[in-house]
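Take a look at the structure below.
The values are calculated or read from the model by the stated rules, or taken from the named source; none is laboratory data. Every value quoted in this text rests on a predicted model; they were computed, and no experiment measured them. We place every Cβ from the backbone using ideal geometry, glycine too, and count neighbours over all the protein chains shown. Ligands, DNA and RNA are excluded from the accessible area calculation, which covers all protein heavy atoms including side chains. Shrake-Rupley method; radii C 1.70, N 1.55, O 1.52, S 1.80 Å.
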Amino acid sequence: MSLPRFVVPWTESPAENALVPLGPEQARHLGVLRLGPGAALELLLPSGPWRADLAETGKGRATARLVAPLGEDREPPIPLHACLPLTAQLSLWDDWLPGVVELGATLIQPVLYARSEPDIRRIEARMERWERIVVGACEQSHRSRIPELRSPVPFRALLEWPIPQRWVAYELATGQANPALKPEPLAFTHGPEGGITEGEFEALAAAGWQPVTLGRSILRAATCPSALLGAVQYALGSLPSP
């Protein structure tokens, strides 16, 4: 059974026996788990994951003692940039973000497509919530790093995306076979509700984004990112180890 893991933005240099304060929510979570002093846990620090034990608990507070670095790496062997569409129904992001994090996205970029129907104020109000969802998914899946969640960009920013391998999921038949995954950084994107417009697809294709298909049926926007990342992780398992 895996130990509970907590993300702690501790900026000091970690060392054995160093005491690390946990946040009020984390202290409450420890209470729910009924963990007391001496209980083993894991901390994900900016420098990487550490084994720790619970040194002290109290009302709304807790302190952990670092034991040793875990020396593990659960990150994908290549950077995975998830350039995800901002949807008219913003709650879709609450649904798909955990899976995107669990399946290894290293960067999450919200993108404003023509059919995104954006409301910038509503989007800005949800960014803090999405950051909490990302952290929670990292803790649950024992990621070794926290993915970067960026501020939204317009669709045209993708036309100069500085990644050698770029895929766009497109629901219309193009007659092209899916590209083979290469052992180099990968960015992927797909459309919001209603899909990518023909003009957007043509612009992406002209900029070097390769179309991929995820089957003959048309997927919902909420289904697409996990389907893409699942296929990528399967293909990564077939690549030779570095």
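Taking region 170-185, which residues are more than 13 Å from Val212 (Cα to Cα) and either touching a residue at least 24 places away in the same chain (Cβ under 8 Å) or of a type in the set (A, V, I, L, M, F, W, C) (or both)? Pro183, Glu184, Pro185 - these are the residues of region 170-185 that are more than 13 Å from Val212 (Cα to Cα) and either touching a residue at least 24 places away in the same chain (Cβ under 8 Å) or of a type in the set (A, V, I, L, M, F, W, C) (or both). Restricting to region 210-227, name every residue that is closer than 22 Å to Trp93 by Cβ and in a strand (DSSP E or B). Of everything in region 210-227, just one residue is closer than 22 Å to Trp93 by Cβ and in a strand (DSSP E or B), namely Val212.
Somewhere in region 28-45, is a residue in a strand (DSSP E or B), at negative phi and more than 25 Å from the chain's Cα centre (by Cα)? Yes, region 28-45 contains at least one residue that is in a strand (DSSP E or B), at negative phi and more than 25 Å from the chain's Cα centre (by Cα). Only a single item in (1) in a loop (DSSP other than H, G, I, E, B); (2) touching a helix residue (DSSP H, G or I) at 6+ places or on another chain (Cβ under 7 Å); (3) under 30 Å from Arg51 (Cα atoms); (4) not aromatic (Phe, Trp, Tyr) is not met by Leu181, and it is number (3).
Restricting attention to region 88-129, the residues being among the aromatic types (Phe, Trp, Tyr) and either outside any helix (DSSP H, G or I) or modelled with pLDDT of 95 or more (or both) number 1.
Residue-wise test of (1) closer than 30 Å to Asn17 by Cα; (2) open to solvent by 40 Å² or more (accessible area, probe 1.4 Å); (3) free of Cβ contacts under 8 Å to residues at least 60 places away in the same chain.
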{"residue": "Ala52", "(1), (2), (3)": "yes, no, yes"}
{"residue": "Ala62", "(1), (2), (3)": "yes, no, yes"}
{"residue": "Ala68", "(1), (2), (3)": "yes, no, yes"}
{"residue": "Gly71", "(1), (2), (3)": "yes, yes, yes"}
{"residue": "Asp94", "(1), (2), (3)": "no, no, yes"}
{"residue": "Arg122", "(1), (2), (3)": "no, yes, yes"}
{"residue": "Glu128", "(1), (2), (3)": "no, yes, yes"}
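For region 164-201, taking the residues that are closer than 16 Å to Pro154 by Cα and surrounded by fewer than 16 Cβ atoms within 10 Å (Cβ to Cβ), the one that is nearest to the chain's Cα centre (by Cα) is identified as Thr197. Of the residues making up region 12-27, just one is in contact with a Gly (Cβ under 9 Å, 6 or more places away or on another chain) and assigned to a loop (DSSP other than H, G, I, E, B), namely Pro14.
Here the condition is being open to solvent by 40 Å² or more (accessible area, probe 1.4 Å), at pLDDT 90 or above and outside any strand (DSSP E or B); of Ser151, Ser144, it holds for Ser151 alone. Across region 1-11, the qualifying residues are those that are surrounded by 11 or more Cβ atoms within 10 Å (Cβ to Cβ) and out of contact with any Gly (no Cβ under 9 Å at 6 or more places or on another chain), and the one among them that is farthest from Gly60 (Cα to Cα) is Leu3. For the subset of region 208-242 comprising residues that are of a type in the set (Gly, Ala, Ser) and more than 23 Å from Leu97 (Cα to Cα), which member is least open to solvent (accessible area, probe 1.4 Å)? Applying the filter and picking the extreme gives Gly208. State all residues of region 30-50 that are open to solvent by 30 Å² or more (accessible area, probe 1.4 Å) and either in contact with a strand residue (DSSP E or B) (Cβ under 8 Å, 6 or more places away or on another chain) or polar (S, T, N, Q) (or both); if no residue qualifies, say none. Scanning region 30-50 gives Gly31, Leu35, Pro37, Gly38, Ala40, Ser47.
For region 104-119, the condition holds for no residue, the condition being that it is of a type in the set (A, V, I, L, M) and over 19 Å from Leu158 (Cα atoms).
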